[in-house]
Structure formats: structure tokens, C-alpha cells
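> Take this structure, written in C-alpha cells, and hold onto it; I'll ask about it next.
No value in this document is a laboratory result; all are computed from the given coordinates. Everything numeric in this text was worked out from a predicted model, so none of it was measured. Ideal geometry is used to build each Cβ from the backbone, glycine not excepted, and the neighbour counts take in all protein chains shown.
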Amino acid sequence: MEEELHSDEMGVFKPPAAFVQASLARQARIRQQMQERNAGVGTVHSVSIKEIEPTPPEPPEPLEPTPPPPPKTHHTHNTTHNTTHQRNPPPKSKTLQTIQNLAQARTHRRTHQNELRAAQAGLDSLERNVLGFKRDIELFRMHLDEDGGGVGERGDARIRVFVRKRPLNDREQAIPSIFDTITPTQTTLHLHEPKTRMDLSKTIETHSFSFDAVFDESVGNRGVYERTVMGMVRNMFEGGRGTVFAYGQTGSGKTHTVFGDGDRTLGLYEYACRDIFQHFTTHHSQSLSLHICFFEIYGGQAYDLLSSRTRVHLLEDAHGMVRIQGLTETPVTSLKSLLTLVKTGTSTRTTGSTEANPDSSRSHAVFQIRLRKNMQVIGKFSVVDLAGSERGVERGNVGKRERFEGAEINKSLLALKECIRALHRSRSGVKQHIPFRASKLTQILRDSFVGARSQTVMIATVSPGSNSVDHSLNTLRYADRVKELRRKGGGGGGGGEDRGRCGAEQQEDKQEQDDNDDDDDDDDDDDEEWDHVDDPLPTLPSFPTVPPTVLTTPLIPPSLPSPSPSPITPTNPDLAHLLRATPPPTSHHITSITHILTTHESLLQFHLSTMALNASLMRIDQLLISTVTQPGADLDTYVEALSDLIARRLAVWRDLEGRVEELRGLLRDEEVFVGEWEEDEGQKGEE
């Protein structure tokens with residue numbers, strides 16, 4: 001009896017075997033369905049919670065055991081249901097589609113990583129990093145959608161900005177660690193900057209910029225000309241003024257774009273000259289004449305390239321318009337004579353060797369064609385090849401001359417940038433002083449930005465190499481700032497903080513100046529009062545004739561010019577405005593270079609005056625000797641006169657020596673500052 005009770009009690013806690021098998025089969029089917037749903041394959045069925053949880057078995061009757069239930073026809077039902085579902089599959093849900101996309105992306109990523117690991121086998125760390133960067137850029141280009149318009153071009157825009165990418169040159173292709181970091185489209189340029197994360201892993205940061213148009217390495221100079229400059233030629237014969245200038249890093253292709261490569265490749269200027277002469281032939285009966293001038297701005301001074309680099313001077317009238325005194329303006333009657341003159345001027349242009357380019361242009365070259373009618377300028381076309389832009393600490397181990405060149409170049413480019421920024425604010429409704437007088441370059445280009453019929457085209461050239469990413473990024477940001485002026489027009493806010501403000505009186509003077517911007521004949525008004533923009537070269541002063549009675553007359557040689565003060569800050573308000581808008585290291589260096597050049601100019605003028613004074617004193621010496629050798633000469637008078645001459649000479653030479661020591665000290669301080677600057681930059685690079 002105890003055995004039967006024990007058996008019955010055990011039967012309560014043991015479900016039938018068939019029921020357990022059916023429950024396990026049902027759970028297996030559920031797990032299979034969940035796996036298929038996670039993998040994105042097959043059909044997903046909704047399963048209720050009641051179906052997932054196994055139903056607890058009912059206890060059998062204590063006396064009559066319950067027979068096992070017959071097997072259910074669940075398999076047949078599922079098979080029929082699946083067959084029907086496969087014939088008419090329902091649309092996939094958004095969640096399922098997202099899961100499938102994530103799975104595909106994960107598969108592609110793992111495939112890319114496996115291929116990258118296989119390709120990196122046997123490579124050193126640098127080669128592995130370069131290969132990783134290249135693969136990331138290739139993936140970006142594979143998934144890039146070509147833009148269809150972007151900013152787009154406007155035929156009536158006063159300022160248009162284009163960007164041109166040059167191909168990798170032979171020297172860059174020979175270095176395995178240099179690769180292409182630029183992806184251009186129709187109106188957008190993507191710059192891929194290699195970066196290192198905090199965990200020391202490598203990645204690519206992509207910067208995108210939109211412009212009026214972007215030219216890749218497959219577009220030649222002819223194609224660039226047709227899209228950028230051709231319309232400005234017609235505007236010139238309609239009384240307008242057009243200016244095209246190229247901006248970019250040293251070696252990025254500026255000079256190649258503007259002036260070409262000899263007879264192999266024509267530059268923008270030659271294409272423009274050909275079209276200008278075609279229009280000129282059509283309008284030849286209207287008493288028109290063409291005149292050209294070609295000059296460069298080097299070291300803050302202007303030099304005539306058609307007259308053996310003779311120094312010329314900038315004059316400014318009451319309206320702020322600039323005229324170049326002493327500049328050769330040559331009439332031309334044929335295309336051949338014009339091209340010959342340009343080649344002559346180009347051969348005399350100042351160049352130098354830098355780490356980026358062994359034959360770098362170290363000056364801003366300005367080529368102008370002036371259309372005259374009855375000797376009055378009615379149209380002007382200017383082509384400007386800007387010197388290469390680079391930071392002063394990134395030109396390698398260079399001497400003082402190269403540093404001075406770079407400082408002057410960057411100062412003029414900064415001035416150009418500040419003028420554009422001020423123009424943007426002025427056209428946005430903010431009364432803003434435009435610092436055109438901060439550099440010679442902005443003074444000359446002033447009529448390119450003001451006036452109703454002025455048109456300006458900027459072509460920014462960029463190098464695609466990974467060793468030039470920083471320079472290319474700075475160029476693109478600079479060009480983007482210019483483009484922002486054209487894009488926003490007269491509305492919208494300004495671009496960036498107002499880092500420097502000039503006085504209200506200067507702003508009022510500038511407003512009066514802008515009211516006269518549309519006067520196209522300022523260059524030809526010979527009756528205007530012109531003021532010197534730069535100091536003229538020192539000339540030898542005239543001296544009075546020494547009388548024969550020199551021994552009885554007190555010697556008063558002509559006095560020398562008094563030493564000009566050497567201020568720490570420039571007296572030019574526009575230059576002071578520029579320095580306030582420039583970061584401290586660069587602004588301090590610009591101030592130092594400006595002070596050195598001003599002191600050097602003063603020393604040169606004083607030296608020439610000293611030579612002229614010495615010549616006058618030598619004539620007095622000759623008269624003194626001639627007189628004292630005559631019979632009856634007074635020796636006391638001779639001694640006093642000679643002593644006076646010696647004292648004057650000593651005073652002059654001491655003054656000259658003091659000026660030399662002052663300039664030597666400035667040069668020494670500048671060299672110490674540059675050394676500390678380079679050391680700080682090196683420490684930042686290591687960090």
C-alpha cells in the first residue's frame with residue numbers, strides 16, 4: 001500500500017513524456033524563428049506570450065491515469081502557412097529594413113577591415129597609416145553623391161570665387177607617404193585631413209567648402225578661362241573694370257594658372273589678350289587705344305617690370321584713388337607686341353627658392369590693360385599673381401631676407417582679407433572703415449572692389465598632397481571668407497567678431513570717400529592734388545657755392561635731416577587696424593618687420609645725405625688748402641676752420657653710427673623672436 005501511494009505521489013510531479021516533447025519542439029521552433037528574424041532571413045511570425053511560456057501540466061486522475069494526448073497537427077499547419085507566406089510575402093517593416101541595412105554595413109566594414117589587415121601585412125607603421133588613410137578616402141568617394149549645383153554661378157556677381165586643384169607633381173608621386181587628400185565635385189571641394197584620436201588610432205576628418213565652381217586636375221587653363229574671365233573682357237569694353245587674382249600656397253599652381261608655362265600652356269592673361277584684341281578690332285573705329293603696364297610689389301615697394309625694375313611711387317588723391325607715379329604705360333597695336341612685353345616683364349620678376357617651390361614668386365605681380373578713348377581710361381582689365389602664402393615659421397631654415405619677404409607678403413594678404421571683411425560688413429548695413437591703406441596691394445586693388453561696374457574673380461589654387469593639408473585648408477578658409485561676401489550680399493550678419501574698430505572720424509571720412517567710388521576718370525585727372533603714399537627715394541640735396549673768403553667766414557655746411565622717430569606701433573591707422581585683427585605672434589612679427597623697414601629707409605636716406613654733405617665738405621677742404629698755401633695766410637684761422645670741419649664730420653659720422661646700431665639691434669631682436677617662435681611651434685607640434 002505504501003508503494004502505491006509513493007508511486008501516485010511521484011506521478012503528480014512527472015508530466016507525460018509526449019507532452020514534454022511537444023513543449024520542447026514548440027520552444028525550438030520559437031528559437032529558430034527568433035534567429036531567422038535577427039539574421040534578416042525568412043519569415044517572422046508573431047508569437048504570443050502565452051505561446052512562449054510552457055503550460056504547466058495538469059495532474060492526472062489519482063485512480064485512472066490519463067492517456068497521453070494525440071500529437072497535434074502544428075507542423076502541418078506551419079508548413080502550409082509558410083508556403084502561403086512565401087507565395088505572397090508581406091512588405092518589410094521599417095525596423096526590419098533598418099536591421100538589414102545595419103547588417104550589410106557591418107558586413108562591408110568587416111570586409112574592409114579584413115582587406116586592410118591583409119594589405120598591411122609586412123608594412124611598417126607609417127606605411128600602414130598611409131594605407132588606412134587611402135582606404136578611408138576611397139570609401140568616402142565611393143559613397144559620395146555628385147552635387148548638382150551648390151552655390152552656382154551668377155553672371156552679374158561682383159565677386160566670384162573659384163577653386164582649382166592641381167595634380168600631384170613628379171616629386172610628390174615619388175614619395176610613398178604623400179597621397180591625394182582632395183575630392184572635388186562641381187561646386188564643392190572636400191578636403192580630407194588625417195587625424196590622430198586620443199587613443200592614437202588614425203582617422204580622416206573631411207572639410208567641405210562650396211564655391212561658384214571647382215576645377216579638378218582634368219580642366220586645363222582654357223576651360224578655367226571660359227568659366228571665369230571671358231565675361232570680364234566684354235565688360236571692359238562696356239566701361240567696366242575687371243580684376244582676376246590667384247591666391248594659394250607656394251607651389252599650388254598660381255603662376256601656371258595666370259601666366260601659363262611658356263609655349264606649352266597658355267595662361268589666363270594670354271587668352272584674355274587674344275579676346276581683347278578681337279574686341280578691339282571690332283571697335284577700332286571708335287578712337288580707342290590699348291595701353292599696358294606691368295609692375296610688381298616686393299618688400300612693400302612697387303617696381304616697374306617694363307623698365308628694368310625701376311622703383312615707382314604710389315600717389316593718392318582726396319577720394320582715396322591711387323595713381324602710380326613713374327610707371328611705364330606702353331601703347332600696343334598687336335597681340336605679338338603685347339605678349340613680348342609681358343614675357344620681358346615676367347623674366348625680371350623677383351623669385352626665390354622655398355621648401356615648397358624652388359622657383360617661387362616672392363612678389364605680387366600686377367598686369368594691367370587699359371582701354372583709352374581720347375586718352376581717358378574707359379575700361380581696365382587687371383591680372384594679379386599673388387605671392388605664395390605661408391606661415392613665417394614654416395618656410396624652413398631661411399635668412400633674414402626670406403623672413404622679411406614672407407612677413408611683407410603675409411601682411412599684404414592679411415590686409416586684403418581685412419578689406420574684404422570690412423566690405424562685407426559695410427554692405428550688411430554696418431558702417432565700417434575699409435583699411436585699403438594697410439598695404440600697397442590693397443591700395444592698388446581698391447577699384448576692383450568698389451564702383452558699380454567693378455568685377456573681381458578670385459581663383460584659389462590648392463595642392464592635393466597630404467603634406468600640404470594645413471596650407472590647403474587655410475587657402476580654402478580664406479577663399480570661403482571671400483565667397484561669403486558674394487553669397488550673402490547685402491543681408492545677413494557679419495562674418496566673425498569685430499576685432500578692430502577705427503575712430504568715428506575715420507569712418508565718416510571713408511563714407512565720404514565711398515560716395516565718389518563711381519568716378520572712373522580719377523586716374524587721368526592731372527589737376528588733382530596727389531599725396532605720396534610711400535616715401536620717395538632720397539635725392540642728393542643742393543649745396544651753396546663756397547665763397548673764396550672761406551677762411552674769414554664761419555663754416556656752416558648744409559644740415560642733415562633729423563632722425564625720424566621709430567615708433568613701436570605704426571602710425572598708419574589702417575595698418576594698426578590690421579594688427580589688431582591679427583593674432584599676437586603674427587602681429588608682433590609684422591610690427592617688427594615694419595619697424596625694421598622704416599628704420600632702414602631712414603638710414604638709407606641719411607646715408608645718401610651724408611655722402612652729399614661729405615662732397616660739400618671736401619670742396620671746402622680744397623678751398624681751405626688752396627687759401628692757406630697762399631702767401632700771408634692766417635694760420636690761426638686755418639686751424640680754427642679745419643677744427644670746425646673735423647667736428648662737423650665727427651658729429652655726422654656719430655649720428656650715422658647710432659642709426660646703424662639701432663638697425664642692428666632691431667635685426668637682432670627680430671632674429672631672437674623668430675627663434676623663440678619656431679621653438680614654441682615645435683613644442684606644440686610634438687604635443
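> Could you work out Rg/(2.2 N^0.38 Å) for region 573-686, with Rg from alpha carbons only?
The value comes to 1.80.
> Past 30 Å, Cα to Cα, is the threshold; run LYS343/LYS380; LYS373/LYS411; LYS380/LYS411 against it and keep the listed order.
Correct reply: LYS373/LYS411.
> To continue, here is another question. To make sure I understand, if each residue's beta carbon is the centre and we count other beta carbons within 10 Å, what order do LYS336, LYS411, LYS202, LYS94 fall in, fewest to most?
LYS94, LYS336, LYS202, LYS411
> Would you mind counting up the charge near MET618? Only other residues with Cβ under 14 Å from its Cβ, with Lys and Arg at +1 and Asp and Glu at -1.
Here the charged neighbours net out to +2.
> Let's test the formula: R0 of 35 Å, r as the Cβ-Cβ distance of THR637 and ALA615. What FRET efficiency results, to the nearest 0.05?
0.90
> Additional query: Can you tell me the order of 341-348, 462-469 when each peptide is scored by its average per-residue count of other Cβ atoms within 10 angstrom, highest first?
Working: 341-348: 16.4, 462-469: 23.0.
Sorting 341-348, 462-469 by mean packing, highest first, produces 462-469, 341-348.
> Moving on to the next point. Within 10 Å, count the other beta carbons around each residue, average over each peptide in 598-608, 661-671, 432-442, and list them highest first. Before the final figure, lay out each step's value.
Values: 598-608: 17.2, 661-671: 14.0, 432-442: 24.8.
Going from most to least packed, we get 432-442, 598-608, 661-671.
> Counting other beta carbons within 10 Å of each residue's own, what order do PHE133, PHE259 fall into, fewest first?
The most exposed by this proxy come first: PHE133, PHE259.
> Please give me the summed charge of the neighbours of GLU670: other residues whose Cβ is under 10 Å from its Cβ, Lys and Arg +1, Asp and Glu -1.
Net of charged neighbours comes to +1.
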